[in-house]
Amino acid sequence: MLLHIPGLFAKDEVQRIREALEHADWADGKITAGFQSAKAKHNLQLPEGHPLAKEIGAAMLERLWKNPLFMSAALPHKVFPPLVNCYTAGGSFDFHIDNAVRQPKGSIERVRTDLSATLFFSEPEDYDGGELEIQDTFGTQRVKLPAGDMVLYPGTSLHKVNAVTRGARYASFFWTQSLVREDSQRALLFEMDGAIQQLTQDMPEHPSLIRLTGTYHNLLRRWVEV
Ligand code: NI
């Protein structure tokens, strides 16, 4: 399931973030790539633990933890702290699948990458190319979102970033280990949660709401891993 989460950051916030990023010290993106994907990856990245990356990452996670769409779709257990990257001057990242397990620098805890997310900090009209292409069962999806918006997609999917041929594409990306490992089960729960939320608004007194909510939790209990 591919999910677009709009407006995590307001326009003035992304502008401030972009200005800070324009003056940052960037490193080669290969620093966090595996042996194979290093050959496909041509971009810039803030080093893991860079103060600016930490600040942006903390602000993102704070927003996400309060975002009902993200919580309902991702059912997050833990995350690999967000990293920040920049594609410019023809930079691209060819088709690959992300590593299954990530270990944050200096941490003993490992994160299984059930979900990948990209938050855009540049406006689509400020650069050419740079689409995130994700292959899923419905074909290839091309994603290029307004600044402040995020896309969430299964970590199992083949994806790439097209070459940026004009301007710069700033973004943040991170991985989530979900309480529910399987994308199909998460998608079912998301759908059911959405329907329950809608019914709660439209018919808050309906007695079946309690039974439906109970069934949601009983399904979740069946599938959850903690
Ligand atoms: Ni990737």
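For the residues GLY155, GLY90, GLY214, a GNM of the chain with alpha-carbon springs under 10 Å puts the largest fluctuation on GLY214.
For the chain, take the longest principal axis of its alpha carbons; what is the angle in degrees between that and the long axis of helix 208-223, to the nearest 10 within 0 to 90? Result, in degrees: 50.
What is the distance in Å between the Cα centres of region 1-71 and region 151-226? Spelled out, the Cα-based centre of one part sits 21 Å from the other. Hey, what angle do you get for helix 183-202 against the long axis of the chain, alpha-carbon based, 0 to 90 degrees rounded to 10? Once rounded, the angle reads 60 degrees. Output the 0 to 90 degree angle, nearest 10, between the alpha-carbon long axis of helix 51-65 and the longest principal axis computed from the alpha carbons of the chain. The two axes meet at around 20 degrees.
Remark: the chain is approximated by an ellipsoid whose semi-axes, taken from the C-alpha gyration tensor as √(5λ), come to 32, 19, 17 Å, largest first. Probing with 1.4 Å while keeping every protein chain in the model, the per residue accessible area of the chain equals 52 Å².
Farthest toward the positive end of the dipole of the chain, out of SER157, GLY91, VAL14, is the Cα of SER157, where the dipole comes from beta carbon charges about the Cα centre. At full extension, ALA27 and GLU225 could sit 67.7 nm farther apart than now, given 0.36 nm per residue minus the alpha carbon distance. Within a straight-line Cα-Cα reach of under 19 Å, LYS160 can be paired with the following lysines, leaving aside sequence neighbours fewer than 8 residues apart in one chain: LYS30, LYS39, LYS41, LYS144.
For a test of the definition: using alpha carbon positions, the gyration tensor, and the 1.5 limit on a/c, classify region 68-170 as rounded, prolate or oblate. Taking the square roots of the gyration eigenvalues as a ≥ b ≥ c, region 68-170 is prolate.
Quick one: dipole size for the chain, taken about the Cα centre, charges +1 on Lys/Arg Cβ and -1 on Asp/Glu Cβ, in debye to the nearest 20.
640 debye
If you bin all the Cα-Cα distances of region 30-76 at 10 Å, starting from zero, the percentages per bin are 23, 30, 36, 11. Helical content of the chain, expressed as a calculated mean residue ellipticity at 222 nm, amounts to -10000 deg cm²/dmol (DSSP H runs of 4 or more residues, -39,500 (n - 2.57) each, divided by residue number, nearest 500).
I need the shape label for region 1-84. Rule: rounded when a/c is under 1.5, else prolate if a/b > b/c, else oblate, with a, b, c from the alpha carbon gyration tensor. It would help to have the intermediate numbers written out before the result.
Working: a/c = 2.02, a/b = 1.28, b/c = 1.58.
Oblate, because a/c is 1.5 or more while a/b does not exceed b/c.
With contacts taken as Cα pairs under 8 Å at a separation of at least 6 residues, the chain carries a relative contact order of 25 percent.
The values are calculated or read from the model by the stated rules, or taken from the named source; none is laboratory data. Quick caveat, the model's predicted, so the values are computed rather than measured. For neighbour counting, all protein chains shown are included, and Cβ atoms are generated from backbone atoms with ideal geometry for every residue, glycine included. Remember, those area values only see protein heavy atoms, side chains included, never the ligands or the DNA or RNA. Shrake-Rupley method; radii C 1.70, N 1.55, O 1.52, S 1.80 Å.
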